[in-house]
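To keep things clear, I will list the structure first and then write my remarks on it.
The values are calculated or read from the model by the stated rules, or taken from the named source; none is laboratory data. Source: prediction; values computed, not measured. Cβ placement follows ideal geometry from the backbone for every residue including glycine, while neighbour counts extend to all protein chains displayed.
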Amino acid sequence: MALHRLRAQLMKFRIMQTNALRGLLYEFGVVLPQGHTALLKALPDTLAALDTQLPAMLLDSLREQWARVQQMQVEIDVIERRLAAVLRETPQCQQIAEIPGVGLLTATAAVATMGEASSFKSGREFAAWAGLVPRQRGTGGHVRQLGLSKRGDVYLRTLLMHGARSIVIRHRNVPWIAALLARRPYNVAVAAVANKLARTIWAVLAKGKPYDPTAFSAAA
């Protein structure tokens, strides 16, 4: 997980740096495109176009800021290559990477965070440990379900929620997802899919069986 934490910190710093660049250039009427990839393409030409419009000292500082952003991206890319090597060398990571919504980051983070899958009695227990089950409050014999408990590892839970969101967006017309969206608000449906992802990850790792698409496609 140390590599994941380092990557997360670098991503945070990169976003801070790019937001600072956006804010500074906006003061001069320059609106940069959204998204890091679009920014990578647009910023060099933008700075070149401002060569005669801004003071040389300010332009130098902006270029230095941009160089720091690029260096952080290089470091992020190196970490992701190392994580990819972990994925290639770890059968458990490869197994759960077959699950929809589980990519490089989620697969390596789940295996590193979970440790031995057998330490959890069930997929529900693992999902609860990850903070992907509703909190409950009972008064007068009535039990109310509240929002997610948000216990456990915040980073892993965030990755599972991102993966679940991508599944819902890309496959919202698949019958079981469409039915889930029809009876639950969008964010609740995403949380339910994230819970299902966590339980599926546990089942694959604890039982040592390949991912079963038919089981995952069953109603949540």
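Among the residues of segment 191-212, is there at least one that is at pLDDT below 90, within 21 Å of the chain's Cα centre (by Cα), acidic (Asp, Glu) and surrounded by fewer than 22 Cβ atoms within 10 Å (Cβ to Cβ)? No, segment 191-212 has no match at all.
Every condition in (1) β-branched (Val, Ile, Thr); (2) in contact with a Leu (Cβ under 6 Å, 6 or more places away or on another chain); (3) more than 30 Å from ILE201 (Cβ to Cβ) is met by THR52 except one, and the failing one is (2). Here the condition is being closer than 30 Å to PRO210 by Cβ, of a type outside the set (Phe, Trp, Tyr) and modelled with pLDDT under 90; of GLU116, GLU89, GLU98, it holds for GLU116 alone.
Among the conditions (1) within 17 Å of the chain's Cα centre (by Cα); (2) exposed (fewer than 15 other Cβ atoms within 10 Å of the Cβ); (3) not aromatic (Phe, Trp, Tyr), PRO100 misses just one, which is (2). Scanning segment 71-100 for residues that are in contact with a helix residue (DSSP H, G or I) (Cβ under 9 Å, 6 or more places away or on another chain), without any contact (Cβ under 8 Å) to a residue 12 or more places away in the chain and not aliphatic (A, V, I, L, M) yields one hit, ARG88.
For LEU39, the test of being of a type outside the set (Asp, Glu), within 30 Å of ALA107 (Cα to Cα), assigned by TED's automatic domain parsing to the domain that holds ARG81 and touching a helix residue (DSSP H, G or I) at 6+ places or on another chain (Cβ under 7 Å) is passed. For GLY29, the stated conditions do not hold, so it cannot be described as in contact with a Ser or Thr (Cβ under 7 Å, 6 or more places away or on another chain) and not in a helix (DSSP H, G or I).
A search for C-beta distances below 7 Å between a residue of segment 1-24 that is at negative phi and any residue that is of a type in the set (Phe, Trp, Tyr), counting only pairs 6+ apart in sequence or on different chains, returns HIS4/TYR155; ALA8/TYR155; LEU21/TRP66. Flag: MET57 matches the condition of being assigned to a helix (DSSP H, G or I), of a type outside the set (Lys, Arg) and exposed (fewer than 11 other Cβ atoms within 10 Å of the Cβ).
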